[in-house]
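What follows is a short report on a single structure.
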């Protein structure tokens, strides 16, 4: 029996685009399926920050921002960050390296200032390539008495 053309295999793998477990298994089953599986596995990267598995999330950010992962960043089309933004600072710093990024979602981000010192500030790189920025359920809380310092 002759082998299936790669285009047919790609079409079959495209049907699995939202089944992460199946894509992981397929990527290890056949070397020629790995590029298509990676395309679907890394198209959306969701990083929820909460108490459980914080080390895993930080490890994922380190993996994505590591110079040795240049082959993964062009696959990412959407990044979703949920929770505490201070842990995602490194990811925001390397956003310009995600050349195919189309959408950045920031959800449930809480900035809390505990004293009169300035909070950490984050800015998006000028070279960030995404087209859509989604901000959902954001809040900022200041403990200081005055939001702006009085001027003379």
- Task: Among residues belonging to region 25-60 that are in contact with a strand residue (DSSP E or B) (Cβ under 7 Å, 6 or more places away or on another chain) and in a helix (DSSP H, G or I), point out the one that is nearest to residue 14 (Cα to Cα).
- Result: 60
- Message: Report every pair of residues separated by at least 6 positions or lying on different chains whose Cβ atoms are under 6 Å apart, first residue within region 57-76 and within 9 Å of residue 42 (Cβ to Cβ), second part of a helix (DSSP H, G or I).
- Response: 73/97; 75/38; 75/39
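Taken together, the values in this text are just the output of simple stated rules run on the coordinates, not laboratory data. Small disclaimer: the values here were computed from a predicted structure and weren't measured. Glycine gets a Cβ as well: all are built from the backbone with ideal geometry, and neighbour counts include every protein chain shown.
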